[in-house]
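Encoded as structure tokens, the structure appears first; notes follow it.
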Amino acid sequence: MFTGIVEEIGKVQGIRRGERSFTLTISGSLVLDKTFIGDSICTNGVCLTVTKINNNSFEADVMVETLRRSNLGVLKIGSYVNLERALALDKRLGGHLVSGHIDGVGEIISREKEDNATWITIKLHQTYLDI
């Protein structure tokens with residue numbers, strides 16, 4: 001689980017392409033503090049499992065479904081990403097609980113600036129409206 005508050009901006013250091021998947025190498029420092037293989041790091045809103053830790057970076061495998069349903073498939077070496085460690089329940093919750101898992105895809109149909117905020121209207125598939 002995550003709070004939705006970005007802790008750090010990381011940078012894509014490497015992309016190893018599989019047949020239909022990626023292994024990403026992402027730099028970071030704060031998110032690597034007390035992080036172990038198997039831990040989750042939210043990357044651009046997607047929960048990724050750490051598979052390897054290097055000096056100042058981590059690796060995570062990204063399966064084809066995640067590439068289809070997120071912006072991770074358009075990342076390039078040098079792209080910046082939002083990073084957040086998984087929630088520790090012994091700390092103050094500064095945001096809200098989010099799972100980091102994608103259930104579907106919406107279509108942005110409008111954006112409207114209002115002072116320092118942007119209202120985004122998203123059209124959902126009927127399947128998600130019937131829940």
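The values are calculated or read from the model by the stated rules, or taken from the named source; none is laboratory data. Computed from a predicted structure; not experimentally measured. Cβ: placed from backbone, ideal geometry, glycine included. Neighbour counts: every protein chain shown.
Take LEU75 and tell me if it is touching a helix residue (DSSP H, G or I) at 6+ places or on another chain (Cβ under 8 Å), within 24 Å of GLY106 (Cβ to Cβ), surrounded by 12 or more Cβ atoms within 10 Å (Cβ to Cβ) and of a type in the set (A, V, I, L, M, F, W, C).
Working: touching a helix residue (DSSP H, G or I) at 6+ places or on another chain (Cβ under 8 Å): no; within 24 Å of GLY106 (Cβ to Cβ): yes; surrounded by 12 or more Cβ atoms within 10 Å (Cβ to Cβ): yes; of a type in the set (A, V, I, L, M, F, W, C): yes.
No: the conditions fail for LEU75.
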Practice item. Kindly provide the set of residues from segment 41-58 that are crowded, with 19+ Cβ neighbours inside 10 Å and either farther than 19 Å from ILE77 by Cα or of a type in the set (D, E, K, R) (or both), ordered by number. Key: CYS47
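Checking the structure you have, find out if any residue of segment 87-108 is part of a loop (DSSP other than H, G, I, E, B), modelled with pLDDT of 95 or more, of a type in the set (Lys, Arg) and surrounded by fewer than 10 Cβ atoms within 10 Å (Cβ to Cβ).
Quick first cut of segment 87-108, residues part of a loop (DSSP other than H, G, I, E, B) only: 87-97, 99-106.
With the extra rule that they be modelled with pLDDT of 95 or more, the set shrinks to none.
No, segment 87-108 contains no residue that is part of a loop (DSSP other than H, G, I, E, B), modelled with pLDDT of 95 or more, of a type in the set (Lys, Arg) and surrounded by fewer than 10 Cβ atoms within 10 Å (Cβ to Cβ).
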